[in-house]
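Visitor: Take a look at the following structure, please.
The values are calculated or read from the model by the stated rules, or taken from the named source; none is laboratory data. Because the structure is predicted, anything quoted here is derived from the model rather than measured. Cβ placement follows ideal geometry from the backbone for every residue including glycine, while neighbour counts extend to all protein chains displayed.
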């Protein structure tokens, strides 16, 4: 019998009560659904991805940081997240650059304006 690995795993809860889910990038890569569709379904089920893990996995897979932020920003837009929420996701993802390098620029990436 073949065992199936669970790709999406609940890893926490936001203060607003949304479930935080890990494994979104692996799910995106394995299943091949557009990232925006995955994010939309998560939102519909009161869940959001672990944004830091999603960024780390995209960059580890070879996507440059700016392109990863742009891809996530585009997917968040496609998923029709509220504008304020989308802007906050972009702001926090950009802050990762400064944290990771210790000095980097906090300029906006395309799609995070």
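Visitor: Which condition does residue 90 not pass, out of (1) closer than 15 Å to residue 25 by Cβ; (2) surrounded by 15 or more Cβ atoms within 10 Å (Cβ to Cβ), if it passes all the others?
Guide: Residue 90 satisfies all of (1) closer than 15 Å to residue 25 by Cβ; (2) surrounded by 15 or more Cβ atoms within 10 Å (Cβ to Cβ) except (1).
Visitor: Among the residues of the stretch 14-32, write down those that are at negative phi and either under 12 Å from the mean Cα position of the chain (by Cα) or surrounded by 12 or more Cβ atoms within 10 Å (Cβ to Cβ) (or both).
Guide: 18, 19, 20, 21, 22, 24, 25, 26, 27, 28, 29
Visitor: Next question. I'm trying to understand the selection: among the residues of the stretch 43-52, which are part of a helix (DSSP H, G or I), crowded, with 16+ Cβ neighbours inside 10 Å and over 11 Å from the mean Cα position of the chain (by Cα)?
Guide: Of everything in the stretch 43-52, just one residue is part of a helix (DSSP H, G or I), crowded, with 16+ Cβ neighbours inside 10 Å and over 11 Å from the mean Cα position of the chain (by Cα), namely 43.
Visitor: Further, regarding this structure: Answer with yes or no whether residue 72 is within 19 Å of residue 22 (Cα to Cα), under 11 Å from the mean Cα position of the chain (by Cα) and not in a helix (DSSP H, G or I).
Guide: For residue 72, the condition - within 19 Å of residue 22 (Cα to Cα), under 11 Å from the mean Cα position of the chain (by Cα) and not in a helix (DSSP H, G or I) - is not met.
Visitor: Here is a follow-up. Tell me which residues, restricted to the stretch 7-30, are within 21 Å of residue 77 (Cβ to Cβ) and in contact with a helix residue (DSSP H, G or I) (Cβ under 8 Å, 6 or more places away or on another chain).
Guide: Within the stretch 7-30, 21, 24, 25, 27, 28 meet the criteria.
Visitor: Inspect the stretch 54-68 for any residue being over 23 Å from residue 6 (Cα atoms), out of contact with any strand residue (DSSP E or B) (no Cβ under 7 Å at 6 or more places or on another chain), at pLDDT 90 or above and surrounded by 20 or more Cβ atoms within 10 Å (Cβ to Cβ) and give the result as yes or no.
Guide: The answer is yes; a qualifying residue exists.
Visitor: Next question, about the same structure. May I ask you to list the residues in the stretch 7-33 that are outside any helix (DSSP H, G or I), more than 19 Å from residue 90 (Cβ to Cβ) and either in contact with a strand residue (DSSP E or B) (Cβ under 9 Å, 6 or more places away or on another chain) or in contact (Cβ under 8 Å) with a residue 12 or more places away in the chain (or both)?
Guide: Matches in the stretch 7-33: 7, 8, 9, 10, 11, 12, 13, 17, 19, 21, 22, 23.
Visitor: Then there is this: Being loosely packed, with under 12 Cβ neighbours inside 10 Å and either modelled with pLDDT under 85 or over 20 Å from residue 21 (Cα atoms) (or both) is the requirement here; does residue 109 meet it?
Guide: Answer is no for this residue.
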